[in-house]
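S.K.: If you scroll down you'll find the structure; I have some questions about it.
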Amino acid sequence: MTDLAYGIDFGTTNSAVARVHGGRPMVIPMDAGSSGMLRSVMFFPVGSLDVFFGDEAISRYLEMDMRGRFLQSVKTVLAADFGTTKIRGQDYDVEDLVELILTELKSRADRAVGADVTRVVLGCPVKFSDDRRKDATARKRLIAAAELAGFTDIRLQLEPVAAALSYELTLNREELVLVTDLGGGTTDFTLMALGPKRLAQADRRTDVIATGGIPIAGDALDKDLMWGKIIQHFGYGVRYETWPGKWMPIPANLLVDLSLKGRFLHLYNQANIEMLEMIRDNADNPVPICRLLNLIQENLGYSLHKTVEAVKCELTAADSTRLIFNKLDLPLNIPITRAEFNALINPSVDKISKCVDALLKDAAIKPDNIDAVYMTGGTSLVPRLRQLFGQKFGGEKIRHSASTFLSVVEGLALSTRLNF
């Protein structure tokens with residue numbers, strides 16, 4: 001069993017573990033409620049030393065009326081200027097937080113295979129950040145977290161390269177493929193030569209023609225939807241009187257924190273509550289401020305973000321839907337059409353489009369030279385993005401992953417056999 005190794009996809013939204021078995025990648029079930037994956041969330045309940053993960057973290061968080069610390073999108077903090085955060089009186093840095101999830105993934109996988117596996121290939125985006133210093137810091141933190149989790153032989157593999165290796169198993173001929181991995185926090189690309197004759201090669205570095213990426217993906221689209229349709233119901237546009245005749249808008253940082261998954265927990269402090277109570281009492285429209293206060297005091301940020309994400313998912317199949325959020329004293333019932341959503345996400349889509357164009361230009365490859373575009377990751381289901389790549393390369397070239405959420409971890413498992 002000493003030759004066992006894991007491929008681990010530590011994701012912004014979900015994480016997964018796989019290994020090679022019988023020459024094929026096999027995903028190791030993590031959490032029955034999440035299609036075998038583990039949601040990348042943690043809950044630290046008050047009055048306890050326990051830490052809960054995945055679907056259990058969510059259920060415990062809700063059962064305890066959200067009394068405790070709930071963390072999600074931890075991967076996005078890897079590249080952040082982040083010192084420590086205090087949880088139940090203990091200081092945690094980035095590596096500590098990531099280590100907790102990696103340790104849980106390793107523990108569940110070890111129980112499944114009956115061995116203490118210390119070799120791992122971890123997935124990483126092409127760019128954690130456009131800032132080279134922050135990008136390098138993120139990679140160092142990820143490796144350090146894996147060491148803390150008990151791994152001793154640690155390698156990193158680009159997530160779109162891993163997805164390419166998974167796709168290659170389906171091929172019966174040579175192809176020049178643009179792999180597009182649209183996840184929760186990043187969108188990544190690999191231009192790679194693939195084919196059945198290459199499967200036995202131990203070193204695939206010369207097959208990778210170009211890579212590129214951008215820290216814009218599913219979470220950014222959620223933020224676009226929040227900012228375009230939701231924020232006005234929580235205070236955007238409201239003014240308050242600071243002294244007679246002097247009017248000010250609600251502080252922008254409150255609305256930015258609310259709109260971002262990784263930051264809404266920053267709202268939960270007494271200073272913000274007291275400031276918003278003052279704004280409410282002097283506002284030209286107190287209703288949205290009352291709603292924001294209610295959201296903070298009842299710790300409903302996570303529930304709101306899940307509702308927004310659900311609306312995005314509904315619009316992949318429906319032309320219109322409604323955002324219904326009844327947990328507030330002032331509930332929301334907002335109609336949203338796919339056309340509205342497409343218009344709101346256009347700036348993000350345009351940035352993804354320009355990233356693809358830059359990749360092709362740097363590689364001196366024209367769209368006509370590409371045989372296939374393999375789209376994977378949960379955000380690849382968004383119709384506007386499918387339309388974008390169909391327009392660029394032709395609909396007949398678009399290939400969609402049969403395992404949208406698992407192709408990366410399958411490729412990471414395959415990478416455990418490679419020299420790179």
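The values are calculated or read from the model by the stated rules, or taken from the named source; none is laboratory data. On a predicted model such as this, the values are computed, not experimentally measured, just so you know. Note: ideal-geometry Cβ built from the backbone for every residue, glycine included; neighbour counts use all protein chains shown.
S.K.: Out of everything in the range 293-322 that is of a type in the set (Ser, Thr, Tyr) and in contact with a Leu (Cβ under 9 Å, 6 or more places away or on another chain), what residue ends up being farthest from residue 274 (Cα to Cα)? Write out each step before concluding.
M.R.: Pass one, the range 293-322, residues of a type in the set (Ser, Thr, Tyr): 302-303, 307, 316, 320-321.
Next, only the ones that are in contact with a Leu (Cβ under 9 Å, 6 or more places away or on another chain) stay: 302-303, 307, 316, 321.
Details: 302: 21, 303: 23, 307: 27, 316: 40, 321: 35 Å.
This residue is 316.
S.K.: Can you name the residue in the range 140-173 that is without any contact (Cβ under 8 Å) to a residue 24 or more places away in the chain and of a type in the set (D, E, K, R) and is also farthest from residue 398 (Cα to Cα) among such residues?
M.R.: The qualifying residue farthest from residue 398 (Cα to Cα) is 147.
S.K.: Let me ask something additional. Could you tell me which residue of the range 233-267 is nearest to residue 73 (Cα to Cα), considering only residues that are at pLDDT 95 or above and basic (Lys, Arg)?
M.R.: For the range 233-267, the residue satisfying everything is 239.
S.K.: Considering only residues of the range 230-255 that are aromatic (Phe, Trp, Tyr) and surrounded by fewer than 21 Cβ atoms within 10 Å (Cβ to Cβ), which is nearest to residue 337 (Cα to Cα)? Even if it seems obvious, please write down each step before you answer.
M.R.: Quick first cut of the range 230-255, residues aromatic (Phe, Trp, Tyr) only: 234, 236, 240, 243, 247.
Pick out the ones that are also surrounded by fewer than 21 Cβ atoms within 10 Å (Cβ to Cβ) and you get 236, 243, 247.
Working: 236: 21, 243: 41, 247: 34 Å.
Once the filter is applied, the top-ranked residue is 236.
S.K.: Looking at the range 107-125, which of its residues are surrounded by fewer than 22 Cβ atoms within 10 Å (Cβ to Cβ) and in contact (Cβ under 8 Å) with a residue 60 or more places away in the chain?
M.R.: Of everything in the range 107-125, those that are surrounded by fewer than 22 Cβ atoms within 10 Å (Cβ to Cβ) and in contact (Cβ under 8 Å) with a residue 60 or more places away in the chain turn out to be 108, 112, 113, 114, 115, 117, 119.
S.K.: Check 409, 373 and return the single one that is under 24 Å from residue 196 (Cα atoms) and not assigned by TED's automatic domain parsing to the domain that holds residue 202. Write out each step before concluding.
M.R.: Values: 373 fails: not assigned by TED's automatic domain parsing to the domain that holds residue 202.
Exactly one residue qualifies, and that residue is 409.
S.K.: Looking at (1) at pLDDT 95 or above; (2) more than 26 Å from residue 11 (Cα to Cα); (3) not in a loop (DSSP other than H, G, I, E, B), which is the only condition residue 197 fails?
M.R.: Tallying (1) at pLDDT 95 or above; (2) more than 26 Å from residue 11 (Cα to Cα); (3) not in a loop (DSSP other than H, G, I, E, B), residue 197 fails exactly one: (1).
S.K.: Give all pairs with beta carbons closer than 7 Å in which a residue from the range 266-285 that is in contact (Cβ under 8 Å) with a residue 12 or more places away in the chain and surrounded by 13 or more Cβ atoms within 10 Å (Cβ to Cβ) meets a residue that is of a type in the set (Val, Ile, Thr) and in a loop (DSSP other than H, G, I, E, B); count only pairs at least 6 apart in sequence or on separate chains.
M.R.: As it stands, the answer is 279/250; 283/238; 285/238, since those pairs meet every condition given.
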